[in-house]
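Just so you know, all these numbers are worked out from the coordinates, no wet-lab data involved. Computed from a prediction, not measured in an experiment: that's the story for all the values here. No Cβ is skipped: glycine too gets one built from the backbone with ideal geometry, and neighbour counts run over all protein chains shown.
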């Protein structure tokens, strides 16, 4: 699935037209926190990393990001490509830890 296709498909489930940006930003923070919580439980509490829960929460993060981009009239493919371009410029040979 292309990011822009995802963005359009996800937009059909967006509710409301007042304070949508604020709602999406707060939702993004909350869902990001859920991802962090799963990783914290794995790292510090000896729990198994719950693959299904991680996929679900990452999907929620993706949904909120796509809707913030939609609100700002930014094609989600542009967001993804811009990020890859910046990473390639910053790390032309891939990431290498400093020695």
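Using Cα pairs under 8 angstrom and six or more residues apart, how large is the relative contact order of the chain, in percent?
For the chain, the relative contact order is 39 percent.
Would you compute, for the Cα atoms of the chain, the largest minus smallest coordinate along each principal axis and list the three values in descending order, in whole Å?
Reported extents, whole Å, longest axis first: 48, 37, 24.
Once R0 is set to 35 Å, what does the formula 1/(1 + (r/R0)^6) return for the Cβ-Cβ distance between residue 21 and residue 43, expressed as a FRET efficiency to the nearest 0.05?
Efficiency computed from Cβ-Cβ geometry: 0.60.
Summing -39500 (n - 2.57) over the DSSP H runs of n ≥ 4 in the chain and dividing by its residue number, what mean residue ellipticity at 222 nm do you reach, to the nearest 500 deg cm²/dmol?
Calculated from helices alone, the mean residue ellipticity at 222 nm is -24000 deg cm²/dmol.
Which residue, 14, 65, 87, tops the fluctuation ranking in a GNM of the chain built on C-alpha contacts under 10 Å?
It is 87.
Using a basic spin-label model with each label point 7 Å from the Cα along Cα→Cβ, how many nm lie between residue 29 and residue 97?
Once both label points are built, they end up 3.3 nm from each other.
Taking R0 as 35 Å, what's the FRET efficiency between residue 82 and residue 55 from their Cβ-Cβ distance, rounded to 0.05?
0.90
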